[in-house]
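I have placed the structure first, in the form of structure tokens, so that the comments after it can refer back to it.
The values are calculated or read from the model by the stated rules, or taken from the named source; none is laboratory data. The structure presented is a predicted model; accordingly, all values stated were derived computationally and were not measured. When we count neighbours, we look across all protein chains shown, and the Cβ atoms used for this are built from the backbone with ideal geometry, even at glycine. Remember, those area values only see protein heavy atoms, side chains included, never the ligands or the DNA or RNA. Shrake-Rupley method; radii C 1.70, N 1.55, O 1.52, S 1.80 Å.
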Amino acid sequence: MKVTVLGGGHGGHAAAADFALQGHEVAFWRRDAAALAGLRTAPQLTWIDADGERQATLRLATSDLGEAMRDAELVVAAMPATAHEDLARALAPHLRDGQVVYLPPGTFGSYLIARRVREHGCTARVSFAETGTLPYLARKQGPSCVRVSATATNLPTGVFPASDMQRALAIIRQAYPCAHPVEDALSAALLNAGPVIHPPLILLNAGPLNRSRDFDIHNEGTQPVVRRVAERLDRERIATREALGYRSHHYPLRDHYEGRDWMYGPRSRSSLVESGDWREPVDLFSHRYMREDVALGLAFLVSVAGWAGCEVPVARALLEIAGALCDERFEDGERSLHRLGLARHGREQMSRLLQHGF
């Protein structure tokens, strides 16, 4: 299969190497031409995991989006949700009928990008899908090398529009056999683990993070008192899903921390901690845990809960604390239902939109 991977971060490098090792024809795109120079000359990535090193050969590495998108069947956008607006604008001229764009994860980006590419004049019939986590716990070790501590064993996947599920999932499963369907894109967005795991970690460890460049929030930052807040937040997420009638597996966060099979395998968290790769500087104000998982993801959860008539006091409190810390107002963030133009939709109208699209 011809797969295009968009994004030069940890997840993009891991996805491109993974697909190439599976035998797919991989085009790898990132906008930074200078950072891509070495891969353009020698399009090969080194994948490192517990079994050692393997070399993955790409079909193409390019900063030309049109070239990367040509003939792609599956497009995996391993990019933060903060990039979705720009991505939609850039993608609109290059999308073709039958393509599947997969966001791992999406923060309801499947709906946002579908809407934006349409507004930018794209009339192609494209399926937009998203899942609840990045399929890799990974960190780059250099411009062409990535170390992967764990890979996903379950990828709950929603498609926009949901009527495209069967066709889209058949394509996604050629790259990610562990992908499985959930009801729709909103259901998948409410399985996003980032806005549950990361806000308590970054906010309740703000002092150590601000003082140290060598503090691992997934190790010493995950104290029982911090986990207690995260699990309360997760119960609010699950309650919101239940209030909306979603019945598929909710992937409770405690399964991840207690070593059960979650979206990753049972030893995923211990592998992450043992790698030491997350012992890194975290700028409280610019890091994606704040800009993606709080300002977009947590604000999205709060807005959906309010629309569903569900009380989420811990989520609201964390959003207020983040706003105070950054001296900003996050509650009506760019990914809230109000800003997406969906807050006035009733349940039936929302259901029709999710099922049939525009």
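A few comments on the model shown:
- Built amide H within the under 5 Å cut-off of Phe215, gap 5+: Glu280
- Judged by the gyration tensor of its Cα atoms, with axes a ≥ b ≥ c, the range 224-354 is oblate; a/c meets the 1.5 cut and b/c is at least as large as a/b.
- Here the range 1-141 is treated as an ellipsoid with the same Cα gyration tensor; its semi-axes, largest first and in whole Å, are 25, 16, 13.
- Which of Cys326, Gln349, Ala295, positive extreme of dipole for the range 289-358 (C-beta unit charges): Gln349
- Ranked order, Val126, Val225 - accessible area, probe 1.4 Å, largest first: Val225, Val126
- Local net charge near Asp71, Cβ-Cβ under 12 Å (Lys/Arg +1, Asp/Glu -1): +1
- For Ala61, the residues whose amide H sits under 5 Å from its own are Phe28, ignoring neighbours fewer than 5 places away on the same chain, with H placed 1.01 Å from N.
- Value in Å of the Kirkwood radius, where the range 86-135 supplies the Cα pairs that are averaged: 10.8
- In Hz, Karplus ³J(HN,Hα) per residue of the range 44-58 (6.51, -1.76, 1.60; θ = phi - 60°; x = Gly, Pro): 9, 10, 9, 9, 10, 9, 4, 8, x, 10, 9, 9, 10, 9, 8
- Around Ala193: net Lys/Arg minus Asp/Glu count, Cβ-Cβ under 10 Å: -1
- Accessible area of Asp86 in the full protein assembly, 1.4 Å probe (Å², nearest 10): 80
- Residue-level accessible surface for Phe358, protein heavy atoms, 1.4 Å, Å²: 110
- Rg of the Cα atoms in the range 143-236, relative to 2.2 N^0.38 Å, amounts to 1.41.
- Annotation for the range 86-112 versus the range 150-217: alpha-carbon center distance of 16 Å.
- Inter-site label distance for Leu21 and Val225 at 7 Å from Cα along Cβ, in nm: 4.0
- Averaging the sequence gap over all C-alpha pairs within less than 8 Å and six or more residues apart, then dividing by the number of residues, gives the chain a relative contact order of 14 percent.
- Once the mean of 1/r is taken over each pair of separate Cα atoms and inverted, the chain shows a Kirkwood hydrodynamic radius of 20.5 Å.
- Gyration tensor verdict on the range 248-288 (Cα atoms; rounded if a/c is under 1.5, prolate if a/b is larger than b/c, oblate otherwise): oblate
- For the peptides 263-269, 184-190, residues were scored by their other Cβ atoms within 10 Å and the scores averaged per peptide; the highest-first order is 184-190, 263-269.
- With an a/c value of 1.5 or above and a/b larger than b/c for the gyration tensor axes a ≥ b ≥ c computed over the alpha-carbon atoms, the range 71-220 is described as prolate.
- DSSP assigns beta bridges within the range 73-218; of those with both partners inside it, close to 50 percent run antiparallel.
- Amide H within-cut-off set for Cys145, under 5 Å, with H built and near neighbours excluded: Thr46
- With the helix formula -39500 (n - 2.57) applied to DSSP H stretches of n ≥ 4, the chain reaches a computed 222 nm mean residue ellipticity of -11500 deg cm²/dmol.
- Stokes-Einstein D for the range 313-358, Kirkwood Rh over Cα pairs, 10 °C, 1.306 mPa s (µm²/s): 128
- Largest accessible area first, the residues His13, His94 order themselves as His94, His13 under a 1.4 Å probe with ligands, DNA and RNA left out.
- Antiparallel bridges, percent of DSSP beta bridges restricted to the chain (to nearest 5): 40
- In terms of packing, defined here as the mean over residues of other Cβ atoms within 10 angstrom, the peptides 278-288, 335-345 line up highest first as 335-345, 278-288.
- Rg and Dmax of the range 182-237, Cα atoms only, in Å: 13.4, 43
- Dipole magnitude of the range 206-356, debye to nearest 20 (Cβ charges: Lys/Arg +1, Asp/Glu -1, about Cα centre): 480
- Electrostatic tally near Gly357: other residues with Cβ closer than 13 Å to its Cβ, Lys and Arg +1, Asp and Glu -1, net +2.
- Per-residue SASA entry for Met1, accessible area with 1.4 Å probe, Å² rounded to 10: 40
- In terms of the mean number of neighbouring beta-carbon atoms within 10 Å, the peptides 146-152, 46-52, 202-208 order highest first as 146-152, 202-208, 46-52.
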